[in-house]
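Take a look at the structure set out below.
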Amino acid sequence: MATYEYRCPHDGDFEVRLPLGQAGASVNCPECQRQAARVWSAPLLARTPRALGAALDRAAQSAETPEVVSRIPGRRAVSAAPVHPARARLPRL
Ligand SMILES: [Zn+2]
């Protein structure tokens, strides 16, 4: 079995698992049943998880057009660390 990628013009990309050599030039979209054309891609690259693909897209977009910060981001509140009992008697600086 191999995973083949197809692209529906209305629903986008989807994958179909078929025996090797059995993939046609088009299949019916599982969502709308319209003809979806096969997408040729390098082996294994088509299985990039969507979240990783989205992160890579954001990184590429950020490299081209980085987000502009109009003000200095606020400081995070520093939580007071618990004071060790032995340090409580030391003079404050
Ligand atoms: Zn479709």
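The values are calculated or read from the model by the stated rules, or taken from the named source; none is laboratory data. Treat the numbers as computed from the prediction; the structure is a model and nothing was measured. Virtual Cβ from ideal backbone geometry, glycine too; neighbours counted across all protein chains shown. SASA here: full protein model, heavy atoms, side chains in, ligands and nucleic acids out. Shrake-Rupley method; radii C 1.70, N 1.55, O 1.52, S 1.80 Å.
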If the label point is 7 Å along Cα→Cβ of residue 37, which residues in the range 1-21 have backbone nitrogen under 14 Å from it? 6-10, 12-13
So which chymotrypsin sites (Phe, Trp or Tyr not before Pro) in the chain end up in coil per DSSP with only 16 or fewer other C-beta atoms within 10 Å? 40
Of the trypsin sites (Lys or Arg not before Pro) in the range 1-49, those whose Cβ has at most 12 other Cβ within 10 Å and which sit in DSSP loop: 34
How long are the semi-axes of the ellipsoid equivalent to the chain, from square roots of 5 times the Cα gyration tensor eigenvalues, in whole Å, largest first? 55, 19, 12
If you place +1 on the Cβ of every Lys and Arg and -1 on the Cβ of every Asp and Glu, how big does the dipole about the Cα centre of the range 2-50 come out, in debye to the nearest 20? 80 debye
What angle, in degrees between 0 and 90 and rounded to the nearest 10, separates the Cα long axis of helix 50-64 from the longest principal axis of the Cα atoms of the chain? 70 degrees
Once you place label points 7 Å from the Cα toward the Cβ at residue 50 and residue 28, how far apart are they in nm? 2.4 nm
Provide 32, 8 ordered by accessible surface of protein heavy atoms (probe 1.4 Å), highest first. 32, 8
Considering the options 51, 73, 41, tell which one lies farthest towards the positive end of the dipole of the chain, charges being +1 on Lys and Arg and -1 on Asp and Glu at the Cβ, about the Cα centre. 73
Portion, in percent, of the accessible area of the chain that falls on carbon or sulfur, probe 1.4 Å: 57 percent
Over the chain, what is the relative contact order in whole percent, taking alpha-carbon pairs under 8 Å and six or more residues apart? 19 percent
Over the range 2-50, average the accessible area per residue using a 1.4 Å probe and give it in Å², no decimals. 73 Å²
Pair residue 57, residue 70: separation of 7 Å Cα→Cβ label points (nm): 2.6 nm
If amide hydrogens are placed 1.01 Å from N in the peptide plane, which non-local residues have theirs closer than 5 Å to the one on residue 8? 13, 14
